Amino acid sequence: MARGLVGTIGSAVTLAVTVFVCARGVSAAGIPPIGPLLDPVQGAAASVRYADLPVTESEAVPGMTTATRVLFDTRGVPHVYASNTRDAYRALGYAVARDRFFQMELTYRAASGTLTELAGARALPLDKETRTLGLAWAAERKWAALDSASEGRRAMDAFADGVNAYRETMTTASTPVEYKLLGTTPMAKWEARYSVYLLMRMALTLAYDPEDLRRTRAAALVGRDAANALFPRNNPIQEPIQPVPGRTAPRELWTVLPVPGAPDTSLLVPAKAASLLEHTALAMPGAEQTGDALGSNNWAIAPQRTASGGALLSGDPHLDLSLPSIWYEAHLVVKDSLDVYGVTFPGSPTIVIGFNQNVAWTFTNTGGDVADYFLEQVDDAKAPTKYLLDGQWQKLDLRVETYRNAAGTTIATDTVFYTHRGPVARENGRFLSFRWTAHDASNELDGFVAATRAASVQQWQAAMLPYKSPTQNMLVADRSGTIALRSYGEYPMRPNGEEGAYVRDGRTRASDWIGMAPLDDMPQVTNPAQGYIVSANQQPFDPAVVPRYIGGNWPDPWRALRINEILRADDKVTPERVRQMHMDPLNVRARMIAPYFVRAAERSNNPALGAAAKLLRDWDYRYTLDAQAPVLFEAAMKRAVRNAWDELSPGEGKPAVATPATVVFLELLRDSTSRWWDDRRTNGAVETRDGLLADALEAAYDSLTLTRGPAGPPWAWGRAGGINVHHLVNLPGFSRDHLPVTSGYGTIAPASGATGSHGASWRMIVELTRDRRTAWAIYPGGQSGNPASARYDDRLEKWRTGQLDSLVVPESDAAFPKARILSTLDLRP
């Protein structure tokens with residue numbers, strides 16, 4: 001969940017628990033009484049009684065047409081054996097609800113802007129942001145546009161049958177503990193349309209990145225030329241997803257950054273309006289702070305470069321880590337029709353990432369430019385009813401939003417305005433509308449459902465044609481040895497080939513999109529000559545080969561560089577080598593940047609820098625748990641980056657309005673005399689590159705010595721780095737924090753430091769040969785959402801150390817190894 005959601009609800013629950021311990025419940029404040037909570041039969045302690053799955057269980061499911069068996073393996077994964085696909089979806093709905101009902105409701109409410117009905121008025125600011133962004137409005141439009149006979153719609157209906165069948169069995173004792181801590185009860189019914197809200201939530205996570213707004217605010221401070229260079233259309237290091245034939249190394253295209261210019265006064269008003277939507281707590285969490293941690297990797301290797309002679313596919317999506325996990329693992333089997341294994345989002349009726357008997361697939365985020373922002377002129381800033389468009393006043397659509405608490409009482413109302421482009425954010429008399437592909441009617445689930453039955457790469461790609469948002473690099477391999485990648489989703493075309501770089505003028509239709517780019521124009525590759533495909537959020541096209549615009553300010557290329565480096569050097573790749581790659585500790589970013597700090601220290605003639613320089617000089621650029629240099633390097637980088645881009649701060653003590661990618665900082669490092677090195681905050685002094693780096697390194701070393709003691713074991717990356725896997729509502733006792741990992745900014749498995757909670761959410765390797773499919777996988781957490789269950793976090797240690805589980809995929813319940821069966825669930829009509 002977004003940081004805002006975790007923080008706000010987490011504070012609410014923490015407050016409630018404090019009151020539980022110190023006093024008695026205060027109903028007027030929305031805090032549940034302590035008595036029911038501590039009831040040993042019905043209260044929080046009852047979770048222990050429901051921690052384990054029953055050895056056998058039988059339940060009736062309305063709508064179920066034939067008996068369906070669900071075998072839970074020793075990892076807690078449900079293997080559904082059904083006579084038809086709808087019954088398989090019903091069984092999946094039952095299983096997911098039993099393990100993750102609270103998570104399902106929380107995710108739905110986060111996307112629908114109804115968190116107040118779960119957590120009370122404390123969640124009101126988040127609900128208002130959700131509705132201002134139009135998530136619920138868009139979900140309603142998507143649902144209304146669905147064909148009731150479509151595969152996706154039928155899957156959602158059947159899934160809801162299963163969820164509600166489990167909901168009917170829920171008792172006060174078996175109710176998830178989070179409801180008891182919040183003093184509320186689970187929703188009475190799961191509606192099929194809620195699955196659409198879940199997809200909107202994922203679109204917000206993956207496709208809402210207000211880059212235009214950050215660039216607008218930066219240009220208002222340093223001019224457009226400088227802003228365009230700091231947040232460039234093209235990455236200075238090209239290792240594209242779509243390979244360039246014959247190229248065996250990355251291509252570098254360094255430029256000299258323009259000096260900070262005069263503020264662009266034409267952008268002052270749009271820049272102030274931009275802050276309305278840029279700083280939403282619901283936006284992509286920590287995009288600037290976590291840097292490369294917000295990304296994903298996938299790669300596929302053709303048979304001619306594998307030891308087995310079959311295709312190898314690696315899936316490694318990086319998302320916000322939580323307990324329970326964002327993923328739920330499952331296996332669905334319908335004889336002669338369906339046999340698919342993988343992970344789904346709790347609330348989605350089918351497998352999203354996984355494999356069947358013939359094909360395996362996975363995704364990374366494309367990061368395309370799929371949203372624009374428009375500064376609108378309205379007739380009355382206090383009570384607007386119209387907006388100006390091509391000299392004519394157009395009616396604003398009004399949507400009255402009502403917010404209720406758990407009792408159904410209205411606690412607030414609000415009005416969200418809509419232009420023909422989309423929802424409008426308003427503050428202090430400024431109005432900014434928002435056009436986003438995720439708002440458009442679509443049916444992604446039709447694609448996901450059809451893809452699970454594909455028998456080849458070609459069939460799989462055809463099945464995904466209905467997919468529109470968020471844009472994804474979809475990697476697929478099959479048993480014939482074909483490997484392929486295509487970027488799916490809609491990419492807007494703007495007038496005259498314009499780029500969506502800045503807030504646009506909303507007073508004219510000339511600013512509007514003119515259509516969507518053809519799918520054939522998007523990044524794609526099949527069976528490249530190099531024998532492998534790598535997608536790690538890098539720029540998809542090399543602009544020297546394909547100059548087409550689909551986005552800009554691409555993520556740093558460090559992961560892509562390292563993965564390509566390893567694969568170029570190995571033509572007999574094994575699944576074990578791929579597993580090792582997932583946790584490869586070498587950091588290309590550090591390898592390219594750390595020497596600048598060393599040389600600056602050596603040129604400074606400052607004896608105090610000798611120990612710091614030696615620590616970095618002797619480093620092999622690996623983020624192993626006992627390495628000390630990563631701690632020093634990251635501390636020095638933080639200071640150097642902040643001081644180099646001081647011009648992007650709107651005032652003393654204020655954070656930068658935007659921070660350029662680290663690769664742009666590397667570009668600046670190549671120019672020792674750039675004016676960007678001079679810190680405007682120091683009067684009478686002109687800083688140089690080496691001086692700034694030396695000062696940053698010295699300050700970092702001194703600070704670490706003060707806080708951790710002399711360099712030694714206390715500086716180990718395993719102690720200072722790490723990653724956090726928070727509970728959904730940030731309950732400390734239910735979270736697993738400060739886990740030491742061999743990951744850092746820029747490594748293949750990125751981590752954002754001791755406060756970060758983003759990383760590898762699902763690691764999967766699938767080997768497809770002519771005669772078999774073999775798979776290994778892991779995610780951080782466990783199948784159960786019950787913190788009292790061993791299945792809540794039983795995979796976490798394996799995930800932390802880079803291990804994978806061997807997946808069991810029996811084609812029938814009769815073929816299931818009895819030693820691997822944990823529980824049997826029989827569902828009947």
Go through 158, 220, 173, 192 for me and flag whichever is at pLDDT 95 or above and either touching a Leu at 6+ places or on another chain (Cβ under 6 Å) or not in a helix (DSSP H, G or I) (or both).
-> 192
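Check whether at least one residue in the stretch 698-711 is part of a loop (DSSP other than H, G, I, E, B), farther than 30 Å from residue 102 by Cα, open to solvent by less than 60 Å² (accessible area, probe 1.4 Å) and free of Cβ contacts under 8 Å to residues at least 24 places away in the same chain, and report yes or no. First the steps, then the outcome.
In the first step, residues of the stretch 698-711 are kept if they are part of a loop (DSSP other than H, G, I, E, B); the result is 709-711.
Pick out the ones that are also farther than 30 Å from residue 102 by Cα and you get 709-711.
From what is left, the residues that are open to solvent by less than 60 Å² (accessible area, probe 1.4 Å) are 709, 711.
Retained after the next criterion (residues that are free of Cβ contacts under 8 Å to residues at least 24 places away in the same chain): 709.
Scanning the stretch 698-711, I find at least one residue that is part of a loop (DSSP other than H, G, I, E, B), farther than 30 Å from residue 102 by Cα, open to solvent by less than 60 Å² (accessible area, probe 1.4 Å) and free of Cβ contacts under 8 Å to residues at least 24 places away in the same chain, so the answer is yes.
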When you look at residue 331, is it modelled with pLDDT under 95 and either in contact with a strand residue (DSSP E or B) (Cβ under 6 Å, 6 or more places away or on another chain) or open to solvent by 10 Å² or more (accessible area, probe 1.4 Å) (or both), yes or no?
-> no
Any idea which residue in the stretch 650-662 is least open to solvent (accessible area, probe 1.4 Å), counting only those that are in contact (Cβ under 8 Å) with a residue 12 or more places away in the chain and of a type outside the set (A, V, I, L, M, F, W, C)?
-> 660
For the stretch 127-150, how many residues are in a helix (DSSP H, G or I), over 20 Å from residue 470 (Cα atoms) and open to solvent by 10 Å² or more (accessible area, probe 1.4 Å)?
-> 1
Hey, could you check the stretch 649-673 for residues that are over 21 Å from residue 220 (Cβ atoms) and in a loop (DSSP other than H, G, I, E, B) and say which is modelled with the lowest pLDDT?
-> 673
Where in the stretch 7-119 are there helices (runs of 4 or more DSSP H), lying fully within it, with 2 or more residues that are touching a Pro at 6+ places or on another chain (Cβ under 6 Å) and at pLDDT 95 or above?
-> 85-112
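Residue by residue, here is whether (1) open to solvent by 40 Å² or more (accessible area, probe 1.4 Å); (2) farther than 18 Å from residue 54 by Cβ holds:
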site	(1), (2)
786	no, no
791	no, no
799	no, yes
803	yes, yes
806	yes, yes
810	no, yes
815	yes, yes
819	yes, yes
827	no, no
Tally, over the stretch 398-425, of residues that are part of a loop (DSSP other than H, G, I, E, B) and not polar (S, T, N, Q) | 6
In the stretch 682-697, residue modelled with the lowest pLDDT [restricted to those that are in a loop (DSSP other than H, G, I, E, B) and surrounded by 11 or more Cβ atoms within 10 Å (Cβ to Cβ)] = 682
Yes or no: residue 574 under 25 Å from residue 751 (Cα atoms) and of a type in the set (Val, Ile, Thr)?
-> no
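I'd like to verify a number: residues in the stretch 130-144 that are on the phi < 0 side of the Ramachandran plot and either of a type outside the set (A, V, I, L, M, F, W, C) or modelled with pLDDT under 95 (or both), how many? Don't jump to the end; show me each part of the working.
Taking the stretch 130-144 and keeping what is on the phi < 0 side of the Ramachandran plot, we get 130-133, 135-144.
This time we only want the ones that are either of a type outside the set (A, V, I, L, M, F, W, C) or modelled with pLDDT under 95 (or both), so: 130-133, 140-142.
Of the residues in that region, 7 qualify.
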Out of (1) more than 22 Å from residue 770 (Cβ to Cβ); (2) in contact with a helix residue (DSSP H, G or I) (Cβ under 6 Å, 6 or more places away or on another chain); (3) in a strand (DSSP E or B), the odd one out for residue 346 is which?
-> (3)
Residues of the stretch 45-58 being open to solvent by 50 Å² or more (accessible area, probe 1.4 Å) and more than 15 Å from residue 72 (Cα to Cα), which ones?
-> 45, 48, 49, 50
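Specify the residue that is farthest from residue 548 (Cα to Cα); the eligible residues are those in the stretch 454-469 that are part of a loop (DSSP other than H, G, I, E, B) and open to solvent by 10 Å² or more (accessible area, probe 1.4 Å). Break it down stepwise before answering.
Pass one, the stretch 454-469, residues part of a loop (DSSP other than H, G, I, E, B): 454-456, 464-469.
Add one more test, that the residue is open to solvent by 10 Å² or more (accessible area, probe 1.4 Å), and what stays is 455-456, 465-469.
On the way: 455: 33, 456: 29, 465: 21, 466: 23, 467: 21, 468: 19, 469: 20 Å.
Taking the candidates together, the pick is 455.
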Working only within the stretch 722-762, note down all residues that are among the aromatic types (Phe, Trp, Tyr) and open to solvent by less than 10 Å² (accessible area, probe 1.4 Å).
-> 762
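Every residue, every condition in (1) open to solvent by less than 10 Å² (accessible area, probe 1.4 Å); (2) over 24 Å from residue 662 (Cα atoms); (3) touching a strand residue (DSSP E or B) at 6+ places or on another chain (Cβ under 7 Å), yes or no:
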| site | (1), (2), (3) |
| --- | --- |
| 516 | no, yes, yes |
| 530 | no, yes, no |
| 535 | yes, no, yes |
| 553 | no, no, no |
| 556 | no, no, no |
| 570 | no, yes, no |
Residue 486: under 22 Å from the mean Cα position of the chain (by Cα) and open to solvent by 10 Å² or more (accessible area, probe 1.4 Å), yes or no?
-> yes
Can you name the residue in the stretch 164-185 that is β-branched (Val, Ile, Thr) and buried (at least 16 other Cβ atoms within 10 Å of the Cβ) and is also nearest to the chain's Cα centre (by Cα) among such residues?
-> 177
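The values are calculated or read from the model by the stated rules, or taken from the named source; none is laboratory data. Just so you know, these numbers come straight off a predicted model, no measurement behind them. For neighbour counting, all protein chains shown are included, and Cβ atoms are generated from backbone atoms with ideal geometry for every residue, glycine included. Heads up: the accessible areas ignore ligands, DNA and RNA and are worked out on the full protein's heavy atoms, side chains in. Shrake-Rupley method; radii C 1.70, N 1.55, O 1.52, S 1.80 Å.
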